[in-house]
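Reading through the structure tokens given below for one structure.
The values are calculated or read from the model by the stated rules, or taken from the named source; none is laboratory data. The shown structure was predicted, so the numbers you read here are calculated from the model rather than taken from an experiment. Here the Cβ positions follow ideal geometry from the backbone for every residue, glycine too, while neighbour counts run over all protein chains shown. For the accessible areas, the whole protein counts, side chains as well, though only heavy atoms, and no ligand, DNA or RNA atoms are used. Shrake-Rupley method; radii C 1.70, N 1.55, O 1.52, S 1.80 Å.
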Amino acid sequence: MTVRKITIAFAPLGPSLPGKAYGEHPVHSPFDRTCIHCYTFPMNILVFIKQVPDTAIGLKINAEGMDIAYQDIPWVINPYDEYAVEEALLIKEKFGGNVTVVSMGHDKAAEIIRSSLAMGADEGVHLNDAIFEGSDAYSTALILSRAARLLGYDIILCGKNAVDNGWGEVGAAQAEILNIPCVSSILKLDISEDKKYAIASREIDEGLEMIQAPLPALFTLQQGINKPRYASLPGIMRAKKKEIRVLDAGALNIQPQDVGRNASRISIKRLAYPPARKKGKLLQGDSQTEVKELIALLTKEAKVI
Amino acid sequence: MAGIWIIAERRANAVTEGTLEAIGAGRVVSGNLKTELTTVILGNGPDSLPANCSDAGTDNVYLLDNPLLSQYTSDAYIAALQHLIKLHSPALILIPSTCNGRDLAPKLAGRLKTAYIPDVSQIEFADNEIIFHRPIYGGRLLSQVTCRGEKPWITTLRPRAFEKAGAVKNGARVENHIASLSRDSIRTIVKGIKKTQKGLGLTEADIIVSGGRGMKGAENFKMLEELAGILGGVVGASGAAVDAGWMPHSAQVGQTGKVVSPKLYIACGISGAPQHLAGMSTSKCIVAINKDPEAPILQWADYGIVGDLFEIVPMLIEALNTTT
């Protein structure tokens with residue numbers, strides 16, 4: 001770890017202080033109270049993560065037909081949320097600050113909070129209450145936004161969607177509730193020197209769109225933005241000792257009628273397997289014959305060219 | 001039930017294919033529910049009614065006009081739409097599932113606190129209910145859901161899942177609305193656009209020629225571009241090819257990239273990981289060229305060739321060049 005020392009005679013406090021006046025922020029980690037930049041503007045970075053069934057394995061529909069069968073299913077952190085944890089750590093390495101990972105879910109969700117702490121996050125918060133169960137995306141966003149208000153934030157990061165039922169709404173709705181801008185599906189995030197705004201590259205159909213958003217803001221992350229680090233052994237040891245703060249409905253001031261299955265705007269009728277594709281043809285013969293046959297099939301049978 | 005709306009997307013002076021598909025889906029829904037169908041176009045300028053929209057079979061076209069709507073920003077779009085929604089209280093809003101559509105729809109639903117259903121692939125009617133089908137777990141399962149509570153319900157429609165609306169000369173009633181917006185209410189600034197996709201977007205293309213790990217290098221994608229050029233298609237890539245840096249992320253087909261459903265999908269050197277299959281398994285016709293006879297993609301292909309793509313693809317280019 002290299003820390004460029006800067007000497008400052010007088011260290012004024014307050015958020016209106018322009019960071020530029022003190023030159024560039026030295027790159028160091030972790031947050032350092034003797035560093036004027038860290039001290040004056042500690043970035044409060046919130047990362048919202050979700051535990052999801054590992055989609056690489058086979059999924060079965062349960063007997064009731066409304067949900068998947070959860071027996072023997074490995075659970076993982078939603079891959080997009082893992083990018084969010086990594087990005088938060090990168091921001092902290094550059095600007096200093098505090099990374100808090102927050103997850104709503106059953107007791108089991110503590111696993112992914114623990115693994116994020118092992119990656120380097122400073123604090124873990126677990127939103128856990130029986131009345132949260134069955135909440136739709138909006139109610140979930142409501143719960144998360146209460147947590148965000150309680151914890152404070154300069155920047156909020158989460159995955160663009162969860163790979164389970166992939167609603168892709170929680171981040172957007174949370175930003176709406178908090179009344180902060182949301183830039184979705186980003187592939188690059190640059191924060192200005194004074195930490196007043198960020199420029200994010202958002203995925204659009206033609207390519208990328210560069211968007212400037214004032215902070216605080218929420219960003220949802222797309223695959224490709226970074227490569228999540230592996231937890232180091234000391235990191236894992238440190239994470240084991242850390243206490244995960246648990247917040248329930250009472251602590252978040254959530255009323256039972258606003259969340260859970262009964263408040264859901266969506267009701268699931270059933271799950272089904274997608275229709276199977278009809279068996280295809282494996283072309284035979286030498287390459288020339290195969291190519292000729294393929295062109296004939298595409299023009300005459302499939303009629304697609 | 002009050003009306004069904006479609007939020008149109010424009011390109012030059014036409015609405016996109018995805019918008020025509022949404023109008024097609026909307027015609028079925030409004031027919032079933034015996035309600036009016038309205039296309040909403042946001043933009044700048046009074047002469048902004050696209051030619052292919054006026055005769056697409058909607059009852060109304062609302063033009064929301066403001067210079068601040070000339071470029072998409074969610075703040076401006078939502079503010080303008082919120083005003084119009086209050087005025088007309090639609091029951092259901094259909095939005096094409098493009099990058100901008102997927103950005104706008106959940107924010108709008110979040111603002112209105114109403115139900116949002118993304119990536120709908122089929123709409124069904126039963127017992128006075130609208131049932132939306134949507135793929136979940138990367139397309140490995142289909143979820144069938146209904147909405148309840150406050151309206152409008154908001155959905156995004158999966159590209160190429162619905163029949164495009166054919167032209168009908170019914171002459172939609174056109175209403176001009178001036179959206180009152182202030183620049184201060186738009187919190188984000190678009191600093192620039194970097195185009196990485198040439199011509200048609202992947203999701204709109206009829207024919208896609210895709211390459212995977214078997215392409216062995218970025219330079220070999222030229223060959224696929226040539227093949228796509230002859231067929232009038234575009235080039236896509238698997239996650240492996242994008243991770244290797246051979247193709248831009250915008251070209252990625254799969255669960256974490258674009259979900260496509262072209263008439264013809266040619267997979268070259270793609271093994272067919274579940275993540276990739278999730279993005280293309282609804283293609284009408286799939287051709288797979290792979291040297292590994294065990295590659296899972298061959299199970300999904302309508303026509304499979306086990307062989308060296310560096311031999312097959314040039315032959316295919318040559319044969320197509322001589323026949324056409």
remark   = Checked against a 26 Å limit on the C-alpha separation, the offending pairs among A:LYS92/B:LYS258; B:LYS191/B:LYS216; A:LYS160/B:LYS194; B:LYS216/B:LYS258; A:LYS60/A:LYS279 are A:LYS92/B:LYS258; B:LYS191/B:LYS216
key: Furthest towards positive pole of dipole, B:VAL260, A:ALA121, B:LEU112, structure part the protein assembly as shown, Cβ charges   = A:ALA121
inquiry  = Place a point 7 Å from the Cα of A:ASN253 along the Cα-to-Cβ direction; which residues of region A:158-186 have their backbone N under 19 Å from it?
reply    = A:174-180
request  = Select from A:GLY58, A:GLY224, A:GLY285 the residue whose mean-square fluctuation is largest in a Gaussian network model of chain A (Cα-Cα springs shorter than 10 Å).
outcome  = A:GLY285
inquiry  = Students often forget the sequence filter, so: which aspartates and glutamates lie under 19 Å Cα-Cα from B:LYS222 once same-chain residues fewer than 8 apart are removed?
reply    = B:ASP243, B:ASP308, B:GLU311, B:GLU318
request  = For the protein assembly as shown, build the convex hull from the C-alpha positions and give me its volume per residue in Å³.
outcome  = 172
ask   = So how far apart, in nm, are the two label points at A:LYS188 and A:ILE73 if each is 7 Å from Cα heading toward Cβ?
value = 3.7
ask   = Roughly how crowded by other chains is peptide A:258-271, in terms of the mean Cβ count from those chains within 10 Å of each of its Cβ atoms?
value = 4
inquiry  = Please list, ordered by chain and number, the residues whose modelled amide H lies under 5 Å from the amide H of B:ILE266; skip anything fewer than 5 residues away on the same chain.
reply    = B:ILE208, B:VAL209, B:SER210, B:VAL287
ask   = Given only helices, namely DSSP H runs of n ≥ 4 each adding -39500 (n - 2.57), what is the per-residue ellipticity at 222 nm of chain B, to the nearest 500 deg cm²/dmol?
value = -8500 deg cm²/dmol
Net length gained if the chain between A:GLU64 and A:ASP286 were fully extended (0.36 nm per residue, minus Cα distance) = 74.8 nm
request  = Give the whole-number value, in cubic angstrom per residue, of the convex hull volume spanned by the C-alpha atoms of chain B.
outcome  = 146
ask   = Over the heavy atoms of B:HIS88, what accessible area does a 1.4 Å probe trace out, to the nearest 10 Å²?
value = 60
ask   = Hey, any idea what % of the protein assembly as shown's accessible area is carbon plus sulfur with a 1.4 Å probe?
value = 52
note = With Cα springs under 10 Å, the Gaussian network model of chain B assigns the largest mean-square fluctuation among B:VAL174, B:VAL209, B:VAL29 to B:VAL174
request  = Take the Cβ-Cβ distance between A:TYR273 and B:ASN176 as r, set R0 to 45 Å, and report the resulting FRET efficiency rounded to the nearest 0.05.
outcome  = 0.40
Karplus-derived HN-Hα couplings along region A:171-176 (A = 6.51, B = -1.76, C = 1.60, θ = phi - 60°), whole Hz, x at Gly and Pro = x, 4, 5, 4, 4, 4
query = Mean projection of the alpha-carbon convex hull of region B:88-206 over all orientations, in nm²?
reply = 11.5
ask   = Hey, got the average number of other protein chain Cβ atoms within 10 angstrom for residues in B:107-115?
value = 6
ask   = Around B:GLN255, which amide H atoms from residues at least 5 apart in sequence, or from another chain, sit under 5 Å from its own amide H, with H modelled in the peptide plane?
value = B:HIS276, B:ALA278, B:GLY279
remark   = Magnitude of the Cβ-charge dipole (Lys and Arg +1, Asp and Glu -1) of the protein assembly as shown about the Cα centre, nearest 20 debye, reported as 600
task = Report, as an integer, the average count of C-beta atoms from other chains found within 10 Å of each Cβ along B:97-104.
result = 5
For region A:109-123, 3J(HN,Hα) per residue [Karplus equation, 6.51 cos²θ - 1.76 cosθ + 1.60, θ = phi - 60°, Hz, x = Gly/Pro] = 4, 4, 4, 6, 5, 4, 5, 6, 5, 5, 5, x, 5, 7, 9
note = The ratio Rg/Rh over the Cα atoms of chain A, Rh being the Kirkwood inverse mean 1/r radius, stands at 1.08
query = Over the heavy atoms of B:SER238, what accessible area does a 1.4 Å probe trace out, to the nearest 10 Å²?
reply = 10
remark   = Note, region A:256-263: 3J(HN,Hα) by Karplus (6.51, -1.76, 1.60, θ = phi - 60°), whole Hz, Gly/Pro = x, goes x, 6, 8, 9, x, 4, 5, 8
note = For B:LYS194, the residues 5 or more places away or on another chain with a placed amide H closer than 5 Å to its own amide H are A:LEU208, A:GLU209, A:MET210
key: Residue of A:ARG146, A:ARG277, A:ARG202 that the Gaussian network model of chain A assigns the largest fluctuation, springs spanning Cα pairs under 10 Å   = A:ARG277
remark   = Per-residue ellipticity at 222 nm attributable to helices in chain A (runs of n ≥ 4 DSSP H, -39500 (n - 2.57) apiece, nearest 500 deg cm²/dmol) works out to -7500 deg cm²/dmol
query = Under a plain spin-label model, where a point goes 7 Å from the Cα along Cα-to-Cβ, how far apart in nm are B:ASN13 and B:SER89?
reply = 3.9
